[in-house]
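In what follows, a single structure is set out as structure tokens and then discussed.
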Amino acid sequence: MSNEIQLACFKVGEERYAADIMMIKEIILYHKATHIQKAPEFIEGIINLREKVIPVINMRKRLGLHATEPTAATRIIITKVEGKNIGLIVDSVLGILRVGKGDIQPPPRIIKGIESEYLSGIVRDGDELILILDMERVLTTIEKVRLGEFSE
């Protein structure tokens with residue numbers, strides 16, 4: 001078993017985030033989602049990807065940041081959470097980072113609030129810190145059930 005992990009790195013706001021590449025199905029260009037009435041505020045809507053309906057989460061809103069207009073760098077990361085495909089809108093994708101599993105530190109206790117719930121760890125890349133998201137915890141159990149209503 002390898003002692004190395006590959007992380008897909010991306011930006012949301014000013015922060016660098018990452019997710020285990022094994023949790024990511026694909027990364028696609030941003031395209032506008034169809035709005036869903038009465039969905040939680042951070043749900044941007046749904047998209048049709050190869051005849052499958054996929055709910056899309058605006059990660060800026062999910063992390064408590066103000067939403068901005070998409071740019072040419074905006075991407076949608078398609079991931080699977082509890083067997084359902086979901087899309088995560090991020091400001092840009094930075095690339096792949098290979099790190100040793102021992103280089104991943106637990107999130108410091110000083111990080112509080114919404115963001116801390118989603119973190120599985122922190123890794124250093126040069127002078128910068130990258131926050132590693134736990135894709136299974138980006139949504140609460142209730143939110144996963146509600147999202148399941150919108151996806152195939």
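Selection of segment 12-22 for residues being open to solvent by less than 60 Å² (accessible area, probe 1.4 Å) and over 10 Å from the mean Cα position of the chain (by Cα) yields G13, R16, D20, I21. The set of residues from segment 70-93 being within 14 Å of L29 (Cα to Cα) and touching a residue at least 60 places away in the same chain (Cβ under 8 Å) comprises R75, I77, V90, D91, S92, V93. Only one of the listed residues (E15, E4) is under 18 Å from S120 (Cα atoms) and in contact with a Lys or Arg (Cβ under 7 Å, 6 or more places away or on another chain). That residue is E4. Identify the residue in segment 50-62 that is assigned to a strand (DSSP E or B) and open to solvent by less than 60 Å² (accessible area, probe 1.4 Å) and, among all such residues, is nearest to K25 (Cα to Cα). Within segment 50-62, the match that is nearest to K25 (Cα to Cα) is I54. For segment 23-47, a tally of residues being farther than 18 Å from P70 by Cα and without any contact (Cβ under 8 Å) to a residue 12 or more places away in the chain returns 2.
Within segment 121-152, the residues that satisfy the criterion of being at pLDDT 80 or above and either touching a Cys at 6+ places or on another chain (Cβ under 8 Å) or not hydrophobic (A, V, I, L, M, F, W, C) (or both) are G121, R124, D125, G126, D127, E128, I130, D134.
Quick check on this structure: which one of I89, I28 is closer than 30 Å to S2 by Cβ and either assigned to a strand (DSSP E or B) or of a type in the set (A, V, I, L, M) (or both)? After applying the criteria, what remains is I28. Look at I47 and say whether it is under 16 Å from I132 (Cβ atoms), of a type outside the set (D, E, K, R) and open to solvent by less than 30 Å² (accessible area, probe 1.4 Å). When the stated conditions are applied, I47 does not pass them. The residues of segment 28-41 that are touching a strand residue (DSSP E or B) at 6+ places or on another chain (Cβ under 7 Å), among the hydrophobic types (A, V, I, L, M, F, W, C) and surrounded by fewer than 19 Cβ atoms within 10 Å (Cβ to Cβ), listed by number, are I28, L29, I36.
Applying the criterion of being touching a helix residue (DSSP H, G or I) at 6+ places or on another chain (Cβ under 7 Å) and open to solvent by less than 40 Å² (accessible area, probe 1.4 Å) to the residues of segment 63-98, the residue that is nearest to F10 (Cα to Cα) is V90.
The values are calculated or read from the model by the stated rules, or taken from the named source; none is laboratory data. Only a predicted model underlies this, so the values are computations on that prediction, with no experimental measurement involved. Note that we place each Cβ from the backbone using ideal geometry, even for glycine, and neighbour counts take in every protein chain shown. Just the protein is used for accessible areas: all its heavy atoms, side chains included, with ligands, DNA and RNA removed. Shrake-Rupley method; radii C 1.70, N 1.55, O 1.52, S 1.80 Å.
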